[in-house]
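Asker: The structure that follows is given in the form of structure tokens.
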Amino acid sequence: MDAVVLSHESAVDCLRAVARSGRMLVRPSQADDVRFVHDPQQLADARSRSWIVAAAREPLHIMLSTGAKSYAAKCMRAHAVSGSVPAEWLCRAHGNVFFAGPELATMQLAAALEPEASRLKRSVSFASGESHSAPKRGSAGSSAVNDALDLLVLLYELCGAYASAPDGKLLRRREPLAAKSEFVCACAWFSGRPGVARVRRLLPLLVDGARSPMEARLVLLLCLPVRLGGYGLPWPQLNVSLSVPSTDTVSDNESITPDLYWARSRFAIEYDSWTHHSSDASFGTDSIRRSTLSLAGVTAVSVTTPQVLDVRHMDAVARVVARHVGVRLRHQFDSWAVERRTILRARLFAGMRLS
């Protein structure tokens, strides 16, 4: 099958457009390989007719089949692909115009990152755990991926139930675009290809199901290893459904989904954003949720945006979590750990709209 296939940053733009629409990705039914071609007329037609393709910003990134030469023009970046790519790793945009699915697009971005060896004189990559200055980053909706941390944040977005609109507003989704298990399968299928090893190293740091960018960042701050700027706490489940015993005030088969949940300790964090607290009614809702979690045998604490943004308050939150999950914070407050945590915070919150 001959097809025009958007890749790299252009594919991420398409993925975000689908996420904002609330729809799910449309995967091709064909199991055979796709031949990637450059058809300007077909691409121009799709940009005028498809809201998905129209979301891709210039320069457009496209894939070319093995044997073709990569090239760069003012409005186009063409990338020759090594080896075959089954249609199941693509998503349909319009007619025979496709874009790389979440798994393939992420690997393409990972492969395009600056090689670690070339950065050693001025920095060391996030994956190595050494500190370095915060890079300049775009807005919350930017598809820019500069290093491994940006790539990890993108993975949380693709596996999360949220989408960022161009105006910075947060949109909720019922289902994520992808799941961690799908990235695991993709890494196995594409094993040995550029970018795969980098993505595979990040997967242990990924948790499915975040419902906002701040929720994802709260998990990273608490749970990333100390060498990467986190507190090294155990990884929680996100927005997992818990059954609640029936009472006079709770009906049969009722469930509740705490934001961050440590099952072994039956401990939860409820993240309360500034947006969530825009009305007095939300405080009553918070109280009801905590009471319901108590009925389910879960101890819950609330964490607000000001707490996450304040270093001292966040230290206190980490101590509370550590006490409930039975972990000792041994080196998290040494000077070198505090320095790395400061750098991580600066990079996580750079240019994003806080909510």
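Asker: Specify whether the C-alpha gyration tensor of segment 165-229 places it in the rounded, prolate or oblate class, a ≥ b ≥ c being the square roots of the eigenvalues: rounded for a/c under 1.5, otherwise prolate if a/b is larger than b/c and oblate if not.
Answerer: Values: a/c = 2.21, a/b = 1.33, b/c = 1.66.
The shape class here is oblate.
Asker: Related question: Based on the mean of other beta carbon atoms within 10 Å per residue, what is the order of 220-226, 189-195, 238-244, 96-102, most packed first? Could the numbers behind the result be given before it?
Answerer: Values: 220-226: 20.4, 189-195: 14.6, 238-244: 16.7, 96-102: 25.4.
With the highest mean Cβ count within 10 Å placed first, the list reads 96-102, 220-226, 238-244, 189-195.
Asker: Does segment 203-247 classify as rounded, prolate or oblate by the C-alpha gyration tensor (a ≥ b ≥ c root eigenvalues; a/c under 1.5 gives rounded; else a/b over b/c gives prolate, otherwise oblate)? Please list the in-between numbers first.
Answerer: Numbers: a/c = 2.74, a/b = 2.17, b/c = 1.27.
It comes out prolate by the Cα gyration axes.
Asker: Taking a ≥ b ≥ c as the square roots of the eigenvalues of the Cα gyration tensor of segment 290-355, is the shape rounded (a/c under 1.5), prolate (a/b larger than b/c) or oblate?
Answerer: Numbers: a/c = 3.29, a/b = 1.38, b/c = 2.38.
Judged from the Cα gyration tensor, segment 290-355 comes out oblate (a/c at least 1.5, b/c at or above a/b).
Asker: Testing the spin-label approximation: label points 7 Å from Cα along Cα→Cβ at residue 172 and residue 311. State their distance in nm.
Answerer: It works out to 3.5 nm between the two label points.
Asker: With a sphere of radius 11 Å drawn around the Cβ of residue 23, what net charge do the other residues whose Cβ falls strictly inside it have (Lys, Arg +1; Asp, Glu -1)? Don't jump to the answer; show the numbers that get you there.
Answerer: Values: positive: 20, 173, 174; negative: 175.
Cβ neighbours under 11 Å give a net charge of +2.
Asker: Compute the distance in nm between two label points, each set 7 Å from the Cα along the Cα-to-Cβ direction, one at residue 38 and one at residue 197.
Answerer: For residue 38 paired with residue 197, the spin-label model returns 3.0 nm.
Read-outs: derived from the displayed coordinates by stated rules, not from any lab. What you are looking at is a predicted structure, and each value in this text was computed from that prediction instead of being measured. FYI the Cβ positions are ideal-geometry reconstructions off the backbone, even for glycines, and counts take in every protein chain you see.
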